[in-house]
1. Could you calculate, for the range 79-235, the ratio of the Cα radius of gyration to the Kirkwood radius, expressed as Rg to Rh?
2. Count the lysine pairs in the chain that are 8 or more places apart or on different chains: how many have C-alpha atoms under 23 angstrom apart?
3. So, with +1 on the Cβ of K and R and -1 on the Cβ of D and E, and no other charges, what is the size of the charge dipole of the range 66-154 about its Cα centre, to the nearest 20 debye?
4. Can you give the net charge of the other residues whose Cβ lies under 12 Å from the Cβ of residue 155, counting K and R as +1 and D and E as -1?
5. With no solvent and one point on each alpha carbon, what is the Debye value of log10 I(q)/I(0) for the range 447-533 at q = 0.10, 0.22, 0.24, 0.25 Å⁻¹?
6. Which whole-number percent is the relative contact order of the chain (Cα, under 8 Å, 6+ apart)?
7. For residue 457, enumerate residues with amide H under 5 Å from its amide H, sequence gap 5+ or separate chain, H modeled in the peptide plane.
8. Within a Cβ distance under 11 Å of residue 441, other residues only, what is the Lys/Arg minus Asp/Glu net charge?
Amino acid sequence: MAPETQAGPANAALPLPPMKWNAWGDPALAKELSADIKGLLVAALGVTGDAAPGPSAEEVLLRPSRITAEDLKALAAAVGEAHISAADADRLPRAGGKSTPDLLRRRSREPQDAPDAVVVPGSEQEIAAVLAVCAEHRIAVVPFGGGTSVVGGLDPERGGLQAVVSLDLRRFDQLLDLDETSGEAVLGAGLTGPAAEALLAEHGWELGHYPQSFRFATIGGFAATRSSGQDSAGYGRFDEMVRGLRVVTPAGVLDLGRAPASAAGPDLRQLFLGSEGTLGVITAVRLRVHPLPAVKAYEAWSFPDFATGTAALRAVEQQGTGPTVIRLSDEAETMINLAMTEQIGGAPAVSGCLAVTVFEGSAEQVAARHDLTREVLLAAGGTSLGEEPARAWEHGRFNAPYLRDSLLNAGALCETLETAAGWSALPHLRTAVTEALTGALPGALVLCHISHVYPTGASLYFTVVSALGEDPLSRWGVAKRAAGDAILGAGGTISHHHAVGADHRPWMTEEIGDLGVRILRAVKAELDPAGILNPGKLIP
Ligand SMILES: Cc1cc2nc3c(=O)[nH]c(=O)nc-3n(C[C@H](O)[C@H](O)[C@H](O)COP(=O)(O)OP(=O)(O)OC[C@H]3O[C@@H](n4cnc5c(N)ncnc54)[C@H](O)[C@@H]3O)c2cc1C
């Protein structure tokens, strides 16, 4: 699958990020909502009509760039004039990520923030030179991968410095090494998911990391945010696949990860996995890869309720029966699938709660894991729905984000948030978060699913839909604060895979404690003494 490309604002001097600047993904795949669904939004959520259209790229008002001619000259000396731009057309597509607040900001006709310039280095030496210029000229640096952050990780914050540049990693786009004996590949940080998989597939290998943002997010971004993909039950989270990392920091270059396992002190790779551009710029990642699976099997299930389904997923994971994908939607999400099947081509609806299982590997492995899993799910109260709903889920699995833009156009706010906790804490966590969201947004529809499971617990992923109403940014801010407080109060983590960015930073002290925060600050002071790397993110 090739990464989709599409036109962005005119007059850009640099290659543009492949995603639309004010919406998710490829505009050719966006679909307007049917009249039936619009009617449902009015009846169920009190939506009062289509939202006012946002500005075109030419109409957007960006705050003027604060980069000086001297800054530009020094940066051009570091990367070459062809790889730097302060044009609005280049600043706009790197103005932020793709959370709903980001999309609402892009729709505003008020002046918007954007990085003061964009720099596109082509080597580690060039990155080191850019960081040196930025430290000297007091310029903040926001590493930019695929631009899919949903936590304000790309907010163009200057952090008290003179200016801020977006450092786009797109030129780090190669398969640098493939060790077929060890099953390891070294991939450039700027490769998107499809580009990385295409390079590996040429040699018969696969990474198997499929977050919903797969088509646009990058290898460096996956590492910098501790991403988790939909096949996590089989292949693990992205951080579990990482064997080594190269990182350029203002204090020097680190090459971490020497052997498949090591007792040589604390594992420094873990410091940079999830560092979200605050400690260094990841340029390459050495990853565990596996041969392309010979066989895939699919089976969907129905459970009478979420509690029964949750217990079934726990049994599968604790007994280690080996599905590659296992996920469970609650009653509301299962029901909404019916209304949305035509829109997104996802799994058709069933009564109760829909679960999807997928198995990959050799024919023997797949048959054995499938049989074992089926036995456990049957014993736990599941009813098989055959393979079709699971295949349909896989077919439509990257399409749902387009729906958010259609909902926004139709006057409905749609946003997601996620957490994780031990199995025993999950029921209360789910109730607490749902009540916090509906308390802040009365009448909102809150959907939930489990898509990442561990022997000791699982993640909960919430989707919230409500009428856009007046001042949706502030109203969502209130709901998000209530949900974050509920998550920490109920024993969850502030993020299982979306990361911290600016949006979850207020909860970091509660998450890791005062001493934990001081450790992160001390590491940052050592690596980034001028404080140029992604200020205002992750570290309180
Ligand atoms: C519709 C949608 C669905 C999503 N689904 C999932 C999902 O299923 N699972 C999941 O885990 N996440 C998901 N996300 C969140 C997001 O895709 C991930 O956080 C992703 O890992 C970010 O990768 P990126 O390349 O887009 O990074 P960016 O968004 O460009 O950057 C994210 C953060 O990492 C930093 N960064 C990026 N590259 C580097 C680098 N090379 N070195 C240092 N720092 C860097 C940035 O400064 C920023 O702070 C989703 C987001 C959207 C919008």
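1. Values: Rg = 16.9 Å, Rh = 16.8 Å.
With Rg and the Kirkwood Rh in hand, the quotient comes to 1.01.
2. Details: 20/31; 20/98; 31/98; 98/480; 98/537; 480/537; 524/537.
Qualifying lysine pairs in the chain: 7.
3. Details: 10 positive and 12 negative charges, 99 e Å.
So the dipole magnitude of the range 66-154 works out to roughly 480 debye.
4. Values: positive: 94, 105, 158, 505, 537; negative: 102, 113, 157, 276, 503.
Overall, the nearby charge balance is 0.
5. Computed log10 I(q)/I(0) values: -0.37, -1.17, -1.27, -1.31.
6. Working: 1201 pairs, mean separation 85.4, N = 540.
The value is 16 percent.
7. Result for residue 457 returns 423.
8. On the way: positive: 475, 480; negative: 415.
After counting each charged neighbour, the total is +1.
The values are calculated or read from the model by the stated rules, or taken from the named source; none is laboratory data. Values in this document were obtained by computation on a predicted structure and should not be read as measured data. Ideal geometry is used to build each Cβ from the backbone, glycine not excepted, and the neighbour counts take in all protein chains shown. Surface areas here come from the heavy atoms of the whole protein model, side chains and all, with no ligands, DNA or RNA. Shrake-Rupley method; radii C 1.70, N 1.55, O 1.52, S 1.80 Å.
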